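K.L.:
Here it is: the structure, laid out below.
The values are calculated or read from the model by the stated rules, or taken from the named source; none is laboratory data. This one's a predicted model, so the numbers in the text were calculated from it and none came from an experiment. No Cβ is skipped: glycine too gets one built from the backbone with ideal geometry, and neighbour counts run over all protein chains shown.
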Amino acid sequence: MLDFFQEKKGFKFFSRKHFNWFGSPKHDTIDFFINNEFDILLDLSITEYLPIKFIVGLSKAKLKVGRLIEGFDCYDVMIDVSKNNTLDYLIDQIELYLSILNVEPNKHNNE
């Protein structure tokens, strides 16, 4: 069913079946997430999951954003959720900090 949905709707996603027992990718979909030079890669996981860390670490995304994980420095923007470890809070904080970092391209050209 998931493969049908992916093909029909044009979505890319992965699940545990796309990784081997060690957590290494074993599917083309994972390669898509690693090798595509996305403008932003958002990791919305609120628990530590080795396969996600693997993808984030190898990703060619220009900006990687996720929650603060001690000893894991692959994100460009890290959000501390230690006081409120919920998905809603993580999303709110990501929106806040990305809006602060957002600079209009032409603003610097006119100065």
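K.L.:
Of everything in segment 29-64, what is assigned to a strand (DSSP E or B) and either under 16 Å from residue 86 (Cα atoms) or without any contact (Cβ under 8 Å) to a residue 12 or more places away in the chain (or both)? Give them in sequence order.
P.N.:
Of everything in segment 29-64, just one residue is assigned to a strand (DSSP E or B) and either under 16 Å from residue 86 (Cα atoms) or without any contact (Cβ under 8 Å) to a residue 12 or more places away in the chain (or both), namely 42.
K.L.:
Next question, about the same structure. Are there any pairs with C-beta distances below 7 angstrom linking a residue in segment 66-86 that is touching a residue at least 40 places away in the same chain (Cβ under 8 Å) and farther than 15 Å from residue 54 by Cα to a residue that is surrounded by 11 or more Cβ atoms within 10 Å (Cβ to Cβ) and not charged (D, E, K, R), with the two at least 6 apart or on different chains, and if so which?
P.N.:
Hits for this filter: 86/46.
K.L.:
A further question follows. Identify all residues within segment 57-69 that are touching a helix residue (DSSP H, G or I) at 6+ places or on another chain (Cβ under 9 Å) and either under 16 Å from residue 15 (Cβ atoms) or not small (Gly, Ala, Ser) (or both); write none if there are none.
P.N.:
The answer is 58, 60, 63, 64, 65, 67, 69.
K.L.:
Take segment 13-27 and flag every residue that is surrounded by 10 or more Cβ atoms within 10 Å (Cβ to Cβ), over 21 Å from residue 87 (Cα atoms) and modelled with pLDDT under 80.
P.N.:
The answer is 23, 24, 25, 26, 27.
K.L.:
Please enumerate the residues belonging to segment 30-57 that are surrounded by 15 or more Cβ atoms within 10 Å (Cβ to Cβ) and either touching a His at 6+ places or on another chain (Cβ under 9 Å) or more than 23 Å from residue 101 (Cα to Cα) (or both).
P.N.:
Within segment 30-57, 30, 33, 34, 51, 52, 53, 54, 55 meet the criteria.
K.L.:
Sticking with this structure for a sec: Name the residues in segment 81-99 that are under 11 Å from residue 46 (Cα atoms) and of a type outside the set (S, T, N, Q), would you?
P.N.:
81, 87, 88, 89, 90, 91
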